[in-house]
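Here the structure is laid out as structure tokens; the discussion comes afterwards.
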Amino acid sequence: MTTNRLRIAMQKSGRLSSDCQTLLKQCGVKINWNEQRLIAYSENLPIDILRVRDDDIPGLIFDGVVDLGIIGENVLEEVALGRLAGGENADYKLLKRLDFGGCRLSLALPRDAAYRNIADLTDARIATSYPNLLKRYMQQQNIPFKNCLLTGSVEVAPTAGLANAICDLVSSGATLEANGLREVEVIYRSTACLVQRAAVLDCKKQALIDRLLTRIQGVQQAAE
Ligand code: PRT
Ligand code: ZN
């Protein structure tokens, strides 16, 4: 299991994949990408890329199976809250927020439903794939609610009569609009971020990470 090569987990296929690949390329990490492969190797640096579902990345970092991960902060925080609730470890180091994958987790209601403030959601049933982030927010607001856990198609829940409201990711707002929904509260803002496992790494690995981080900072500044 242990290797001298730096292990980085990233999303195999999804919204973050191509930006992750571009970032590595801009940092001078040459990878031979093979679409089918779970693991990809760098040709010029001691780096291996593990390509997985985004939901698996936080656990791989918390368990120290990988050294680094690139992951939406929304998923990182959601999985961390779930782990902590179960008494498990969820330690990590957030190295850098990246300039892609930006979105917000928001509460939304049917367009014509009345809404003045969060108290209007008292005892509402809320559909979400982010039960832990939602629960934390509603507890902070002191508003009791009922959960409706869906891993997909969250935005159709109100029309389908499954829930009164939803709590889902939004970027342009087009999906809410297309489903007759209205964003009423932003509960969490997220971007993709670079995360390191909590344990101290050997100096060579840490030096490589520091070098990558400097390069990422350079790339992001140049883009501003
Ligand atoms: O297969 P895997 O499990 O790896 O992927 P996934 O389907 O779970 O995730 P994916 O690829 O959809 O998203 C990965 C990450 O991208 C998310 O965790 C966020 O950090 C980030 N991200 C940024 C988004 C969006 N923007 C986004 N708009 N993730 C999802 N959406 C969805 C949202 O759920 C809704 O259905 O897009 C729709 C809304 O978009 P707008 O533009 O219509 O508002
Ligand atoms: Zn996922």
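Rounded to the nearest 20 debye, the dipole magnitude of region 62-106 is 180 debye, with +1 charges on Lys and Arg beta carbons, -1 on Asp and Glu beta carbons, and the Cα centre as origin.
When +1 charges are put on Lys and Arg Cβ atoms and -1 charges on Asp and Glu Cβ atoms, the dipole computed for region 32-172 relative to its Cα centre reaches about 460 debye.
Excluding same-chain neighbours fewer than eight residues apart, the lysines reachable from Lys12 by a Cα-Cα span under 26 Å are Lys25, Lys30, Lys93, Lys96, Lys205.
Fully extending the segment from Lys204 to Glu183, taken as 0.36 nm per residue of separation minus the present Cα-Cα distance, adds 2.8 nm. Calculate how steeply helix 73-85 sits against the longest principal axis of the alpha-carbon atoms of the chain, using the helix alpha-carbon long axis, and give the answer as 0 to 90 degrees to the nearest 10. For 73-85 against the chain, the angle is about 80 degrees.
With respect to the chain, whose longest principal axis is taken over its alpha-carbon atoms, helix 131-141 is tilted by about 60°. Put the Cα centre of region 151-224 next to the Cα centre of region 93-120 and the gap is 11 Å. Here region 69-92 and region 1-33 have alpha carbon centers that stand 21 Å from each other. Since only Ala114, Cys27, Val170 are under comparison, the one whose Cα sits farthest along the positive direction of the charge dipole of the chain, derived from C-beta charges on Lys, Arg, Asp and Glu, is Cys27.
Quick one: compute the contact order of the chain, relative version, from alpha carbon pairs under 8 angstrom and 6+ residues apart, as a percent. Contact order relative to length: 26 percent.
Fewest neighbouring Cβ atoms within 10 Å first, the residues Glu43, Glu155 line up as Glu43, Glu155. What FRET efficiency comes out for Ala85 versus Asp112 if R0 is 30 angstrom and r is the Cβ-Cβ distance? Round to the nearest 0.05. With a Förster radius of 30 Å, E is 0.25.
All of the numbers you see were taken from the coordinates with simple rules; none came from a lab. All figures in this text were calculated on a predicted structure; none of them were measured in a lab. Please note: Cβ atoms are built from the backbone with ideal geometry, for glycine as well, and neighbour counts cover all protein chains shown.
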